[in-house]
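Inspection log for the structure reproduced underneath, given as structure tokens.
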Amino acid sequence: ALICERNQLSVPKLIGYNSAGNFYWNKIKITVQSNSELVAFFHTVFSKFNISKIFIKSIEGKGGSGIYLLYKNNLEQQLNSIGPSILIGTHIFQEYIEQHSDINKIYDKSINSLRIDVCTDENDIPHLLGSVMRFGQGGNQIDNRSKGGFCVSIDDRTGRLMKKGFTQMAKGGVEYYKHPDS
């Protein structure tokens, strides 16, 4: 996100983060020790930013695990379920984004994301290693391949999607020439 921001590329806004019971947002630190305090914290965040959804992402998770979409109108019920894991983990809180309507036509149940792999050389010059577009499928809210999504490579000369996508080998290594849900 920091590299994207430095290069004027849009990324979801970071609302706050936590490390166990230490919560940081709006340039302040708050200690949260119980689920009821967690509910009160998120009520305040939703009100302050005038939003109705927040993505919570574990920085310790991988493969799409530890990602939650928190809804303002269902806050207490959701936090009864996921609150304990938030209070012992480390997470970032990001704004919910609406993806482009053309991407929604392909798959609207998840935010279908780009994965761009870059390395920098000894002169601090970035080099593109490769890029893919990830898509959810089958009703999943996550586009991650380990959660059943698939990816399509991007041609780095044209910026267009290649002709076929792939699921993870552990999920069957299925090839797609069109999205299976649309």
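List of remarks:
- Virtual spin-label span in nm between Val174 and Gln77, 7 Å along Cα→Cβ: 3.0 nm
- Mean Cβ count within 10 Å, highest first, over the residues of peptides 143-152, 156-165: 143-152, 156-165
- Estimated dipole of the range 121-171 in Debye, rounded to 20 [Cβ of Lys and Arg +1, of Asp and Glu -1, Cα centre]: 540 debye
- Length gained when the stretch Ser182-Asn22 is fully extended (0.36 nm per residue, less Cα-Cα span): 53.3 nm
- For the chain, the residue among Ile30, Gly139, Ser101 whose Cα projects farthest onto the positive side of the dipole built from Cβ charges is Gly139.
- Selection among Asn50, Val118, Tyr71 by position relative to the dipole of the chain gives Tyr71 as farthest towards the positive end (Cβ unit charges, Cα centre).
- In this calculation the C-beta distance from Phe49 to Leu129 is compared with R0 = 25 Å, giving a FRET efficiency of 0.10.
- Rounded tilt (10° steps) of 75-88 against the dominant C-alpha axis of the chain: 80 degrees
- The Cβ shell under 14 Å around Met169 holds other residues with a net charge of +1, Lys and Arg each +1, Asp and Glu each -1.
- Using the Cβ-Cβ distance between Thr158 and Ile67 with R0 set to 30 Å, the FRET efficiency works out to roughly 0.45.
- Of all lysines in the structure, the ones whose alpha carbon falls short of 29 Å from that of Lys29, not counting any fewer than 8 places away in one chain, are Lys13, Lys48, Lys53, Lys57, Lys62, Lys72.
- Rounded FRET efficiency, nearest 0.05, which uses the C-beta distance separating Lys13 from Thr90 and R0 of 25 Å: 0.85
- About the Cα centre, charge dipole magnitude for the chain (Lys/Arg +1, Asp/Glu -1 at Cβ), debye: 340 debye
- Placing +1 on the Cβ of every Lys and Arg and -1 on the Cβ of every Asp and Glu, with nothing else charged, gives the range 142-182 a dipole about its Cα centre of roughly 60 debye.
Coordinate-derived values only; no laboratory data. This one's a predicted model, so the numbers in the text were calculated from it and none came from an experiment. Neighbour counts run over all protein chains shown; Cβ positions are idealised from the backbone, glycine included.
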